[in-house]
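Working notes, beginning with the structure itself.
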Amino acid sequence: MAAEQLSGIPSVDIDPDGVFKYVLIRVRPAGGHGPAREIVRGHAWAEYHADIYDKTAAEIEKQGYDCECLGGGRISHQSKEKKIHVYGYSVGFGRAKHSVSTKILKDEYPDYAVTWADEGY
């Protein structure tokens, strides 16, 4: 039941174009019991990675889930070229595991070239 409820939370919510900060978040039922899954959130409006995490966590926690930020970085999203590149790190949360973020993004954008690198800020 908890796994089915978690599937109602979108895996990806990122801006349609540009370069912006992103965070990788683990979501699980409140109290930490039951299955967890990771989601990607990235937006150009955020001055800090924490801005994205705080907004997302507030929305998801209202639905009865706990959130944990696993790290952050940057995303370059070029929708016309169908390319997404994940890189960099968050000063506050540390570097997200970009390989995990990239897999989530590839599942959401199967016709895109999705790449990642640990270099860059």
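The figures follow:
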quantity	calculated
Rounded to whole Hz, the Karplus (6.51, -1.76, 1.60) HN-Hα couplings of segment 71-87, x for glycine and proline	x, x, x, 10, 10, 9, 10, 10, 5, 5, 8, 6, 10, 10, 10, 10, 7
Given 10 as the ceiling on other Cβ atoms within 10 Å, longest exposed-site-free region of the chain for trypsin sites (Lys or Arg not before Pro) in DSSP loops	1-61
Table column - 3J(HN,Hα) (Hz), segment 35-44, Karplus curve with 6.51, -1.76, 1.60, x for Gly and Pro	x, 10, 8, 9, 10, 10, 10, x, 8, 6
Length-normalised contact order of segment 16-121 in % [C-alpha pairs under 8 Å, at least 6 apart]	28 percent
In Å², nearest 10: area of residue 105 left accessible to a 1.4 Å probe	0 Å²
Accessible area per residue in Å² at 1.4 Å probe, computed on segment 1-76	48 Å²
Straight-distance crosslink candidates among aspartates and glutamates, where the alpha carbon sits under 17 Å from residue 103 and sequence neighbours closer than 8 are dropped	13, 38, 111, 118
Which label in [x] 7.6; [y] 7.1; [z] 10.0 gives the computed mean projected area of the Cα convex hull in nm²	[y]
Prolate/oblate/rounded label for segment 52-121 (Cα gyration tensor, a/c 1.5)	oblate
Residue 15 versus residue 118: modelled label distance in nm, points set 7 Å from Cα along the beta carbon direction	2.7 nm
Table column - 3J(HN,Hα) (Hz), segment 9-15, Karplus curve with 6.51, -1.76, 1.60, x for Gly and Pro	8, x, 5, 9, 9, 10, 5
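The values are calculated or read from the model by the stated rules, or taken from the named source; none is laboratory data. Keep in mind that this is a model prediction, so the values were computed, not measured. Note that each Cβ is placed from the backbone with ideal geometry, even for glycine, and that neighbours are counted across all protein chains shown. Side chains are part of the model used for accessible areas, which takes the heavy atoms of the whole protein and leaves out ligands, DNA and RNA. Shrake-Rupley method; radii C 1.70, N 1.55, O 1.52, S 1.80 Å.
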